[in-house]
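Visitor: The structure follows.
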Amino acid sequence: MNEDIRGGEAAAARLARGTQLGEVLDVDDPAAWTGLDAGVRAWGGYGIEDLPDKAWVEALDGETGPPGRSGAGRWVFRSSRRRPEPAHGPSTDPRLAVALCHPDGHTREAALARVAARPALLPLVVVRAADWAAPVRDKARELLRAGLDMRTGVALAPLILRIGRRERGSYGVELLGAMLRRAPHGAPATLFVHPDRTVRRFAYRLAAEESLLSPDRFARTAAWDDDVVVQTLCAEAALAAVREEGGLDEVLEPLLAARNTRARSAGVTALRRAGRPERALEFLADRSALVRACARYVVRQHGSDPLSWYRRRCAQADDPALPPGAAIGLAECGERGDAALLRPLLTHRVPAVRARAVAGLRALDVTAVEELRSLIDDPAPGVVREATAALLPSAALLPEAWLMERLEAERPRHVRIAARRLAEARGLIVRLSDGPGPGC
């Protein structure tokens, strides 16, 4: 974990002077608490005399107290060491927070014994539940068991999961999971829309394990969520549920209509079990290589040949509705002789088809310098990018004068950028001139 140690040191210094927690830390940010923990240890390494120690902590309940008391919250000298005077009330929490992070385990343990009625310090109890010192760790876990309820669990979930990545941090995660499993059905719903993606992943993983959502809800979440981990979790959960309960159709449609690749590919693969290979044909020309591969798998499993489908589609070079994925799909499963079907697509009216045709020729390793050179002047930046990538290995064969002409300022910017890349690959020293034109 990357902790803001310098920020934690600064926070520790302010807290040790009695500044309130809310003024020093963003108490809702888990990184603020772990940063404070690291910062106190770092600060204590060279200024440990400035930290509230075990004697100061024990003085909170009147057991002991350093001599020379001169008012709550003031610093006094005792045995050549400075400590803040014990003070009961709100000003004690900031200093106790520092003591909970003290480099000395005895101080941390003593501080834990004084936090039971201080909910503002519960985040540091979460941190100490993963402490390397067993007595500190055990005491913190006891306090966490007593203090964690549905409200605090939801609030502390980001911190609990962050600490869960530590060597001894699994206890808090297990405790949170057990609490959510015992909660009324639907209780984790607030975690499904949590801004922290780690929390959302945890919530959906728990929901999948415990079947807390319907297959349809899982499928719809897989379709619209923008986190690839959640997409995969929910797509797999949806399909696993209908494998046992039936009702495959209700999850297939949301998955197949999804904008994201993970959900679509899961839906397409499920067409095999559904016995609907004809539906997989629609995805042979999908914009995603993964989805196209899944569609080819389903089609083959039902005895059909996806290559013949690609060849038929690409043979219709004048079809304005030809999907761009058909061109690259042909290259993905075809052979070098299929380049004859791709070359006519280099002049297709749709830029995406032209670009995919170039990519297909490159994948088949049948690019010819002369046939691709003209595409450097294409009005579509995407086509020019693909043509440039295809020509780079053969840049030495491009005429120098032809390249320099395309570096002139009046050329579109995407053409000049392509010419510069090719010229540099050819070993020419050039400087891309500034000039008006659309970006690429």
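Just so it is clear, none of the values below were taken in a lab; they were calculated from the coordinates. This one's a predicted model, so the numbers in the text were calculated from it and none came from an experiment. So basically every Cβ, Gly included, is an ideal-geometry build from the backbone, and we count neighbours across all protein chains shown.
Visitor: Taking the Cα atoms of region 297-397 alone, what are Rg (to one decimal) and Dmax (as a whole number) in Å?
Guide: Reported Rg and Dmax, both Å: 13.6, 47.
Visitor: Shifting gears a bit: ALA380 to TRP224: extension gain in nm, 0.36 nm per residue of separation minus the Cα-Cα distance?
Guide: Details: separation 156, 0.36 × 156 = 56.16 nm, distance 3.03 nm.
Using 0.36 nm per residue and subtracting the Cα-Cα distance, I get 53.1 nm.
Visitor: Against the longest principal axis of the chain, how steep is helix 215-224, in degrees 0 to 90 to the nearest 10, with axes from Cα atoms?
Guide: Taking Cα atoms only, the helix is inclined about 80 degrees.
Visitor: While we're here: Please identify the longest segment of the chain free of exposed trypsin sites (Lys or Arg not before Pro), where exposed means a DSSP state other than H, G, I, E or B and no more than 11 other Cβ atoms within 10 Å.
Guide: The answer is 1-258.
Visitor: Moving to a separate point now. Can you tally the net charge around ALA237? Count Lys and Arg as +1, Asp and Glu as -1, for every other residue whose Cβ sits under 11 Å from the Cβ of ALA237.
Guide: Charge balance in the 11 Å sphere: 0.
Visitor: Enumerate the residues in region 164-200 having an amide nitrogen under 20 Å from the point lying 7 Å beyond the Cα of VAL27 toward its Cβ.
Guide: Of the residues in region 164-200, 195-196 have backbone N under 20 Å from the label point off VAL27.
Visitor: Can you give the FRET efficiency for ARG287 and ALA425, using 1/(1 + (r/R0)^6), R0 = 35 Å, r = Cβ-Cβ distance, to the nearest 0.05?
Guide: Computed FRET efficiency for ARG287 and ALA425: 0.75.
Visitor: Follow-up. Based on Cα positions only, what radius of gyration and what Dmax would you give for region 257-342, in angstroms?
Guide: 12.5, 36
Visitor: Note down the net charge around GLU23, summing +1 for each Lys or Arg and -1 for each Asp or Glu among other residues with Cβ under 12 Å from its Cβ.
Guide: Charge balance in the 12 Å sphere: 0.
Visitor: Gain in length, ARG311 to ARG273, computed as 0.36 nm per residue apart minus the alpha-carbon separation, to one decimal in nm?
Guide: Length gained between ARG311 and ARG273: 11.0 nm.
Visitor: Once a ≥ b ≥ c are taken as the square roots of the eigenvalues of the Cα gyration tensor of region 129-207, is the result rounded (a/c under 1.5), prolate (a/b larger than b/c) or oblate (a/b not larger than b/c)?
Guide: On the way: a/c = 2.42, a/b = 1.62, b/c = 1.49.
Prolate, since a/c reaches 1.5 and a/b exceeds b/c.
Visitor: A further question on this structure: Please give the length that would be gained between GLU410 and VAL193 if that part of the chain were fully extended, namely 0.36 nm times their separation in residues minus their C-alpha to C-alpha distance (nm, one decimal).
Guide: 73.1 nm
Visitor: Could you work out the helix-only [θ] at 222 nm for the chain, with each DSSP H run of four or more residues adding -39,500 (n - 2.57) and the total divided by the number of residues, to the nearest 500 deg cm²/dmol?
Guide: That comes out to -17500 deg cm²/dmol.
Visitor: Out of region 367-432, which GluC sites (Glu not before Pro) are coil in DSSP terms and have no more than 12 other C-beta atoms within 10 Å?
Guide: On the way: sites: GLU370, GLU371, GLU386, GLU400, GLU405, GLU408, GLU410, GLU424; in loops: GLU408, GLU410.
Here the GluC sites (Glu not before Pro) that fit, given the DSSP loop and packing criteria, are GLU408, GLU410.
Visitor: Do you know the relative contact order of the chain, to the nearest whole percent, from alpha carbon pairs under 8 angstrom that are 6+ apart?
Guide: About 6 percent, as a whole number.
Visitor: Now for a different question. When averaged across all projection directions, what area in nm² does the alpha-carbon convex hull of the chain cover?
Guide: That works out to 30.2 nm², a quarter of the Cα hull's surface.
Visitor: Now for a different question. For an R0 of 35 angstrom, estimate the FRET efficiency from the Cβ-Cβ distance between GLU371 and SER214 and round to the nearest 0.05. Before the final figure, lay out the partial values.
Guide: Details: r = 54 Å, r/R0 = 1.54.
Given R0 = 35 Å and the Cβ-Cβ separation, E is 0.05.
Visitor: Further question on the same structure: Can you tell which of ALA208, ALA257, ALA238 shows the greatest fluctuation in a Gaussian network model of the chain with Cα springs below 10 Å?
Guide: So, out of ALA208, ALA257, ALA238, the one fluctuating most is ALA257.
Visitor: Select from LEU398, LEU342, LEU148 the residue whose mean-square fluctuation is largest in a Gaussian network model of the chain (Cα-Cα springs shorter than 10 Å).
Guide: Comparing LEU398, LEU342, LEU148 in the GNM, the peak value goes to LEU398.
Visitor: Over the Cα atoms of region 127-171, how large are the radius of gyration and the largest Cα-Cα distance (Dmax), in Å?
Guide: Gyration radius and largest Cα-Cα distance of region 127-171: 10.1, 29 Å.
Visitor: Hand me the GluC sites (Glu not before Pro) from region 110-212 located in a DSSP loop with no more than 12 other Cβ atoms within 10 Å, in residue order please.
Guide: Numbers: sites: GLU142, GLU167, GLU174, GLU209, GLU210; in loops: GLU167.
Listed in order of number, the matching sites are GLU167.
Visitor: Where Rh denotes the Kirkwood radius from the mean inverse Cα pair distance, what is Rg over Rh for region 143-268? Working shown, then result.
Guide: On the way: Rg = 15.4 Å, Rh = 15.1 Å.
With Rh from the inverse mean 1/r over Cα pairs, Rg/Rh is 1.02.
Visitor: Oh, and also: Using a Gaussian network for the chain with springs between C-alpha atoms less than 10 Å apart, which of these wobbles most: SER170, SER304, SER394?
Guide: With Cα springs under 10 Å in the chain, the top fluctuation among SER170, SER304, SER394 is at SER394.
Visitor: In vacuo Debye scattering of region 218-367, one point per C-alpha: log10 I(q)/I(0) at q = 0.15, 0.21 Å⁻¹?
Guide: -0.76, -1.14
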